[in-house]
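Student: Below: one structure in structure tokens.
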Amino acid sequence: MIGRREFIRNSVAGAGYVWLSRVAPFAATAAGADDSRIEVLLAEPLGIISPNIYGHFTENLGGVIYDGVWVGEKSKVPNVNGIRKELVEEMRKIKAPVIRYPGGCFADSYDWRDGIGPAEKRPRRTNFWAQEETAAGPANHKYDPNQFGTNEFIQFCKLIGSQPYLAANVRSLPAAEFYRWVEYCNSPAGSTTPADRRAAAGYADPFGVRFWGVGNESWGCGGNFTAQEYAVEFRRYTAWVPRYGQPLSFIASGPNDDKWDWTRGFLEEIVRKGPGELRSIWGLALHYYAWNLSRGRTRDWVEGKGDALKFETVDWYELLRQGDVMESLINGHWQVMGEFDLEHSVKLVVDEWGPWYRPGSEATPGDILEQTPTLRDAVFSGLTLDTFNRHPEKVAMANCAQLINCLNSLYLAHEDKFCVTPVGQVFAMYAAHQGGQALRTIFSAPAVNYERDGKAASFWGLSGSASLHDKELVLTVVNPHVSATREAKIGIRGASLKSGIATTLTNSDIHAHNTFDQREVVSPKTKALDLQRGDLAYSFAPASVTKLTLSLE
Ligand code: AHR
């Protein structure tokens, strides 16, 4: 049996009570009128939703960087200093707050010094993922040309208005090189030799990088450490890192899915030297991929995977069940963290999440770990982002894996071809939650009943999240039912409604997806709400993600 670790190792309130409704034009099949309720509790704030929950991840892996992000300055593909222009424009639209780079597993094999200085003098290196590459993949996926390095990544972030999150190499570079990377990025103009090298490349001003990952998956590809060993390394790597007036937020390599022992072992060792050591940790990185669609038949990393495009109804629900696990992981790890961090100063950073299917649906043959997201992945992503929104006091950042040409990608690109996936559409819809006050919201709906290997199974009927932005309420709702519309009364205790807009992402085919040739198969539809009728209800289309944007008085 192969596990993920082995796979990678082998690879190397107010005016009363308002009921809102209207009959959605997107409805396909009525499940029975008015069978559900959503109650938004304006008087029960949960905390501010960090924009960084809507973060991204770009690893130097397959077609993510080379072809996805970086096309080169001389390319015919429209670009800004070598960076794909259409990608920048789309990422600006979704207010992309933060981008993690260069890995992933790649990070713990990367020497940042290879990616600075004149482009023509940069070395070519064997990529961490080289052994996964096939003959169909281009040479620059297997042998890293280092044309995209720290300067180019920072420029990419600046073009979008995102914050950089750099993951440092703990497995194969000494701590001194971590300090020097920080020195290169953050020391003032003219102060140090690395600052002079940065200026020589055209970047006199410090980059001001705040977020630093201290390794990646240190239990596996990032060093194969025990939790205790890694804690010792974490203390050593984060001791005396130069600040230059720039506060640094260190993100520790955290657990894979429900590995409570990693969280416990790491923090136990960290505080062995005293509880003050907790102050050096800003976030603990949790990774969770929904990959096992075998319905309990196997735990094998290869055998357990499903297909991105060819799936049955039961596979749709199975993926959503896997996605729903995120909430228990957040709550579980938070509980363990509280055993050592009584004040909960350390937050969770879910810096890799998304579905992971078997190979075969690549938009560009030869791109490893690339898959084509469908409506199923859009619903999964809405469900996951709603989960983060419901835990603003726990989750400080999250990074979808990965931005382009990879797993749960927002975009697919190859040469001059580009499309926004259904996942990208969800990010565009949910950007409205960023920085809002999360509100406790109660969803009551009949469960979805379906057959799972000859046995009756069920899944929740409606779920979502709500956030308040001054007098604007954003309510996002997932209807997981593959064929039934769910009509719900929406109660907003303590406010009157002035106006509203509904945006819905759905399709009559649960397999629907966008391609380079058909870019709009899955795209959101927006309509103004008719609020004249007073006591109303909203019909949530089957297999949909809906955003209601409501102006309150
Ligand atoms: O996102 C792909 C890989 O998944 C990352 O490199 C690694 O951190 C994880 O195992």
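The values are calculated or read from the model by the stated rules, or taken from the named source; none is laboratory data. This structure is a prediction, so every number in the text was calculated from the model and none was measured. Ideal geometry is used to build each Cβ from the backbone, glycine not excepted, and the neighbour counts take in all protein chains shown. When the accessible area is computed, the model is the full protein with side chains, heavy atoms only, and any ligands, DNA or RNA have been set aside. Shrake-Rupley method; radii C 1.70, N 1.55, O 1.52, S 1.80 Å.
Student: What is the one condition in (1) within 15 Å of the ligand (Cβ to nearest atom); (2) closer than 17 Å to T150 by Cα that G62 does not satisfy?
Tutor: If we test G62 against (1) within 15 Å of the ligand (Cβ to nearest atom); (2) closer than 17 Å to T150 by Cα, just (2) comes out false.
Student: List every residue pair whose Cβ atoms sit under 7 Å apart, with the two residues 6 or more apart in sequence or on different chains, where the first one lies in the range 217-246 and is more than 26 Å from P194 (Cβ to Cβ) and the second, anywhere, is among the aliphatic types (A, V, I, L, M) and more than 16 Å from the ligand (Cβ to nearest atom).
Tutor: A231/I270
Student: Moving on to the next point. Just one of the numbered conditions (1) over 29 Å from R279 (Cα atoms); (2) more than 16 Å from the ligand (Cβ to nearest atom); (3) buried (at least 24 other Cβ atoms within 10 Å of the Cβ); (4) more than 18 Å from the chain's Cα centre (by Cα) is not true of G382; which one?
Tutor: (4)
Student: Confirm whether E177 is farther than 20 Å from F148 by Cβ and charged (D, E, K, R).
Tutor: No.
Student: Follow-up. So, in the range 73-93, how many residues would count as being open to solvent by 10 Å² or more (accessible area, probe 1.4 Å) and in contact with a strand residue (DSSP E or B) (Cβ under 8 Å, 6 or more places away or on another chain)?
Tutor: The qualifying residues number 6.
Student: Given the residues V64, V77, which is the only one that is of a type in the set (A, V, I, L, M, F, W, C), out of contact with any Cys (no Cβ under 7 Å at 6 or more places or on another chain) and outside any helix (DSSP H, G or I)?
Tutor: Checking each option against the conditions leaves just V77.
Student: Another question, if that's okay. Consider the range 321-358. How many of its residues are within 16 Å of the ligand (Cβ to nearest atom) and among the charged types (D, E, K, R)?
Tutor: Adding up the residues that qualify gives 3.
Student: While we're looking at this one, here's another question. Can you name every residue in the range 112-130 that is open to solvent by less than 70 Å² (accessible area, probe 1.4 Å), away from the ligand (no atom under 16 Å from the Cβ) and either part of a helix (DSSP H, G or I) or of a type in the set (K, R) (or both)?
Tutor: Result: W112, D114, G115, A119, R122.
Student: Against the condition within 16 Å of the ligand (Cβ to nearest atom), in contact with a Lys or Arg (Cβ under 7 Å, 6 or more places away or on another chain), open to solvent by less than 30 Å² (accessible area, probe 1.4 Å) and of a type outside the set (A, V, I, L, M), how does W316 come out, does it pass?
Tutor: The answer is no for W316.
Student: While we're looking at this one, here's another question. Within the range 511-542, how many residues turn out to be of a type in the set (D, E, K, R), modelled with pLDDT of 95 or more and outside any strand (DSSP E or B)?
Tutor: Number satisfying all stated conditions: 3.
Student: Please specify each residue of the range 385-401 satisfying the condition of being among the aliphatic types (A, V, I, L, M) and open to solvent by 10 Å² or more (accessible area, probe 1.4 Å).
Tutor: Scanning the range 385-401 gives a single hit, A396.
Student: Does F106 satisfy being of a type in the set (A, V, I, L, M, F, W, C), surrounded by 19 or more Cβ atoms within 10 Å (Cβ to Cβ), outside any strand (DSSP E or B) and within 16 Å of the ligand (Cβ to nearest atom)?
Tutor: yes
Student: If I filter the range 164-174 down to residues being farther than 13 Å from T150 by Cβ and either out of contact with any helix residue (DSSP H, G or I) (no Cβ under 7 Å at 6 or more places or on another chain) or in a strand (DSSP E or B) (or both), which single residue comes out as most open to solvent (accessible area, probe 1.4 Å)?
Tutor: Residue satisfying both the conditions and the ranking: P174.
Student: Now a separate question. Could you please give the count of residues in the range 151-183 that are of a type outside the set (A, V, I, L, M) and under 28 Å from W219 (Cα atoms)?
Tutor: 14
Student: Taking the range 402-450, which residues are within 16 Å of the ligand (Cβ to nearest atom) and either surrounded by fewer than 22 Cβ atoms within 10 Å (Cβ to Cβ) or at positive phi (or both)?
Tutor: Correct list: N405 only.
Student: So, one more: Here's a check for you: in the range 205-227, which residue that is out of contact with any Cys (no Cβ under 9 Å at 6 or more places or on another chain) and open to solvent by 30 Å² or more (accessible area, probe 1.4 Å) is farthest from the ligand (Cβ to nearest atom)?
Tutor: Among residues in the range 205-227 that are out of contact with any Cys (no Cβ under 9 Å at 6 or more places or on another chain) and open to solvent by 30 Å² or more (accessible area, probe 1.4 Å), the one farthest from the ligand (Cβ to nearest atom) is D205.
Student: Does A96 fit the bill of being within 16 Å of the ligand (Cβ to nearest atom) and open to solvent by less than 40 Å² (accessible area, probe 1.4 Å)?
Tutor: no
Student: Please verify whether the range 229-249 includes one or more residues that are more than 16 Å from the ligand (Cβ to nearest atom), in contact with a strand residue (DSSP E or B) (Cβ under 9 Å, 6 or more places away or on another chain) and closer than 18 Å to I154 by Cα.
Tutor: Checked against the condition, which is being more than 16 Å from the ligand (Cβ to nearest atom), in contact with a strand residue (DSSP E or B) (Cβ under 9 Å, 6 or more places away or on another chain) and closer than 18 Å to I154 by Cα, the range 229-249 yields at least one hit.
Student: Hey, among the residues in the range 175-203 that are open to solvent by less than 50 Å² (accessible area, probe 1.4 Å) and of a type in the set (G, A, S), which one's nearest to W282 (Cα to Cα)?
Tutor: A175
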